[in-house]
Amino acid sequence: NGEACLRNNRGKVMERNACRNPWQSFLDARLGKVVPTAHGQALELTLDLFNVMSLLGSDWGQIRSTTGFETANLLRLTGYDAANNRGIYDLALPQRYRVATNASRWKMQLGARYTF
């Protein structure tokens, strides 16, 4: 009941990756200026901004993903019950919608091109 995606699909065959990751969107920007020089040559200066939304607000442009599906073990051995001669297991569910900090950062790239 705690997961809306699972609750809505109860009693049905779920689509593959139905509860995996939320929608992600990106906004990139490029600023450019061409400076004419001698004899028809030109210098082009560019500034590329990647994930502009993250630059505008700390809660914007965050890339969230579900981690833990890479490993096949959903059960984690936490102890051993000697009286019953069996292991004690804990359910290791993936972490849902965790923010990927490196991918969520804004980035800037400067460039220059000289044409002649």
Extension gain from residue 6 to residue 44, taking 0.36 nm per residue of separation minus the Cα-Cα distance: 8.4 nm
Accessible-area order for 99, 52, 13, largest to smallest, probe 1.4 angstrom, reads 13, 99, 52
Once Lys and Arg get +1 and Asp and Glu get -1 on their Cβ, which of 63, 84, 35 lies farthest toward the positive end of the dipole of the chain? 84
Please compute the per residue accessible area over the chain with all protein chains in place, 1.4 Å probe, rounded to a whole number of Å². 83
Any idea of residue 114's accessible area? Nearest 10 Å², probe 1.4 Å. 110
Can you give the accessible area of residue 78, probe radius 1.4 Å, in Å² rounded to 10? 80
Show 65, 58 ordered by accessible area, largest first, where the area counts protein heavy atoms only and the probe is 1.4 Å. 58, 65
If you roll a 1.4 angstrom probe over the protein chains with everything in place, what fraction of the accessible area of the chain belongs to carbon and sulfur, to the nearest %? 55
Taking Kirkwood radius over Cα pairs in Å as the quantity of interest, determine which of (i) 13.6; (ii) 15.8; (iii) 19.2 was computed from the displayed structure. (iii)
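The values are calculated or read from the model by the stated rules, or taken from the named source; none is laboratory data. None of these values were measured; they are calculated from a predicted model. FYI the Cβ positions are ideal-geometry reconstructions off the backbone, even for glycines, and counts take in every protein chain you see. Only protein heavy atoms, including side chains, enter the accessible area calculation; ligands, DNA and RNA are left aside. Shrake-Rupley method; radii C 1.70, N 1.55, O 1.52, S 1.80 Å.
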